[in-house]
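Enquirer: This is the structure I have questions about; it appears just below.
Throughout, read-outs are computed from the coordinates displayed, never taken from laboratory work. Predicted model, so just to flag it, every value in this text is computed and none were measured. Note: ideal-geometry Cβ built from the backbone for every residue, glycine included; neighbour counts use all protein chains shown.
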């Protein structure tokens, strides 16, 4: 039947944890979108065998650090969208399992500079979206400057950045081929 399926978009459906049992056998799957479904942390255990997965979208508020822990076997992930997920600084330690990760979105609002320190260890990143994390500080810019040479796109939200903070990065930005969006 669907054993050769490479891409599956189930966003905005009523798929939940029980529905993932049908997905768990799709070993050729490379792209899976579960955004805005009712899948929870516990259900993500069923995805652990999808080792060919390259892109995973889990934009859902009910996904937390525990769900991310259930995905560490997916070491081939290149794109991970956790836009609305409630990932904390502790949860960012699980990101080390994703050695090929190039694009990461964590915008659930719970990250601080401690989480950014963990994220900067992902040397393969080329795109990073940290928007809507209002607990980030001026120190965030200093922390991410270390990964800037690897990041072509960086989105952060911080209403308290001032001109001096952005000037600190101006030399780095000018010498690299990257885009910085501060929202």
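Enquirer: Between residue 28 and residue 145, with labels modelled 7 Å along Cα→Cβ, what's the label distance in nm to one decimal, could you check?
Expert: 4.9 nm
Enquirer: Which order do 92, 126 fall in if you start with the one that has the fewest other Cβ atoms within 10 Å?
Expert: 126, 92
Enquirer: Enumerate the residues in the range 28-55 having an amide nitrogen under 16 Å from the point lying 7 Å beyond the Cα of residue 17 toward its Cβ.
Expert: Output list for this probe position: 37-48.
Enquirer: Same structure again: What is the extension gain from residue 99 to residue 73, computed as 0.36 nm multiplied by their sequence separation minus the C-alpha to C-alpha distance, in nm to one decimal?
Expert: Roughly 8.3 nm would be gained on extension.
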